[in-house]
1. Would you mind finding the one in ALA130, ALA161, ALA147 that is of a type in the set (Gly, Ala, Ser), surrounded by fewer than 19 Cβ atoms within 10 Å (Cβ to Cβ) and within 27 Å of ALA38 (Cβ to Cβ)?
2. Restricting to region 133-144, name every residue that is over 16 Å from LEU201 (Cα atoms) and open to solvent by less than 100 Å² (accessible area, probe 1.4 Å).
3. How many of the residues making up region 93-152 are among the hydrophobic types (A, V, I, L, M, F, W, C), out of contact with any helix residue (DSSP H, G or I) (no Cβ under 9 Å at 6 or more places or on another chain) and in a loop (DSSP other than H, G, I, E, B)?
4. From ALA36, ALA50, which residue is surrounded by 23 or more Cβ atoms within 10 Å (Cβ to Cβ), over 13 Å from the mean Cα position of the chain (by Cα) and away from ligand 2 (no atom under 14 Å from the Cβ)?
5. Does any residue in region 204-219 that is in contact (Cβ under 8 Å) with a residue 24 or more places away in the chain and of a type outside the set (Gly, Ala, Ser) come within less than 9 Å, Cβ to Cβ, of a residue that is away from ligand 1 (no atom under 16 Å from the Cβ) and not in a helix (DSSP H, G or I) six or more places away or on a different chain, and which pairs are these?
Amino acid sequence: MSGAALGLLVAAGAGERLGVGVAKAFVEVAGQPLLAHAARALASAERIDALVVVVAGEDVERAGKALAEAGVQVRAVVQGGVERHESVARGLEALGADDSVVAVHDAARPLATSALVSRTVGALVDPWAAVAPALPVVDTLKLADDAGRVIRTVDRRGVWAVQTPQVFPVDVLRSAHARIDARGLTDDLALVERAGGRVRLVEGEHTNVKVTYPDDLELVAALLAARAGGQR
Ligand code: CTP
Ligand code: MG
């Protein structure tokens with residue numbers, strides 16, 4: 001089904017849990033904003049044709065400049081919405097008639113490798129309606145209340161932690177966004193699942209971490225430093 005995909009990078013979140021007073025996508029690690037790291041990761045993949053980037057309205061110009069400085073070519077930078085699914089929907093509106101496959105990636109994941117991106121895009125073959133990288137959960141899972149009182153242990157067999165990029169035929173993702181109530185859903189696979197599409201997981205990467213809390217930034221900085229060291 002797919003040769004290559006349009007990369008849709010969503011970067012319009014506020015980063016409330018990070019709590020640094022700057023939009024998360026513009027927080028710098030190793031001298032560059034997360035947005036630039038994530039955009040480069042996507043754009044450098046063999047199976048990505050072009051990039052559309054979604055940021056908060058007030059950041060459209062700034063994002064364009066940051067991406068140009070980082071040497072990443074983008075087709076368009078567009079304004080996102082209040083919830084992630086609204087930002088994805090806005091990005092989908094900016095796609096052209098020639099775009100048949102889309103890879104939706106979070107700017108909060110700056111370390112996805114180009115190999116992972118291409119492998120995920122390549123796995124979108126008939127009859128799948130969506131593909132995403134994921135890893136089996138390794139920690140023991142507990143259900144607990146707000147006070148930390150454990151209710152029970154949850155069986156982790158068959159439980160996966162899902163990453164981005166998530167890859168779809170454009171028409172499948174568009175119609176899922178149009179038909180399904182996305183409130184409370186935190187990824188695009190969930191929309192396609194609810195719409196009845198067949199969703200497939202491929203092996204993710206342990207280093208494809210998501211920046212959510214301040215400690216995650218330190219981890220990303222250390223991993224970037226290790227990669228830079230490896231190239232010397
Ligand atoms: N995102 C987006 N538009 C939104 C909300 C989120 O484009 N309205 C993007 C974020 O920029 C991020 C990805 O979706 O790249 C995953 O979201 P998350 O990690 O939750 O980021 P934030 O929403 O920014 O963080 P928080 O929930 O802590 O505010
Ligand atoms: Mg969020």
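The values are calculated or read from the model by the stated rules, or taken from the named source; none is laboratory data. Please read all numbers here as calculations on a predicted model, not as lab measurements. Glycine gets a Cβ as well: all are built from the backbone with ideal geometry, and neighbour counts include every protein chain shown. Note: areas computed on protein heavy atoms with side chains; ligands, DNA, RNA excluded. Shrake-Rupley method; radii C 1.70, N 1.55, O 1.52, S 1.80 Å.
1. Result of the check over ALA130, ALA161, ALA147: ALA161.
2. Listed by number, the residues that qualify are THR140, LEU141, LEU143, ALA144.
3. 9
4. ALA36 is the lone residue from the list that is surrounded by 23 or more Cβ atoms within 10 Å (Cβ to Cβ), over 13 Å from the mean Cα position of the chain (by Cα) and away from ligand 2 (no atom under 14 Å from the Cβ).
5. Partner pairs satisfying both residue conditions: GLU205/THR113; GLU205/LEU135; HIS206/LEU135; THR207/THR113; ASN208/THR113; ASN208/LEU135.
So that you can scan it fast, the table gives a plain yes or no per residue for (1) assigned to a helix (DSSP H, G or I); (2) modelled with pLDDT of 95 or more:
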residue	(1), (2)
VAL22	no, no
ALA25	yes, yes
ALA36	yes, yes
ALA45	no, yes
GLU58	yes, yes
ARG62	yes, yes
LEU67	yes, yes
VAL77	no, yes
ALA89	yes, yes
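Yes/no per residue for (1) of a type in the set (Gly, Ala, Ser); (2) loosely packed, with under 12 Cβ neighbours inside 10 Å; (3) under 23 Å from LEU124 (Cβ atoms); (4) touching a helix residue (DSSP H, G or I) at 6+ places or on another chain (Cβ under 7 Å):
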{"position": "ALA182", "(1), (2), (3), (4)": "yes, no, yes, yes"}
{"position": "LEU189", "(1), (2), (3), (4)": "no, no, yes, no"}
{"position": "ARG194", "(1), (2), (3), (4)": "no, no, yes, no"}
{"position": "ARG200", "(1), (2), (3), (4)": "no, no, yes, no"}
{"position": "VAL209", "(1), (2), (3), (4)": "no, no, no, yes"}
{"position": "ASP216", "(1), (2), (3), (4)": "no, no, no, no"}
{"position": "ALA221", "(1), (2), (3), (4)": "yes, no, no, no"}
{"position": "ALA228", "(1), (2), (3), (4)": "yes, yes, no, no"}
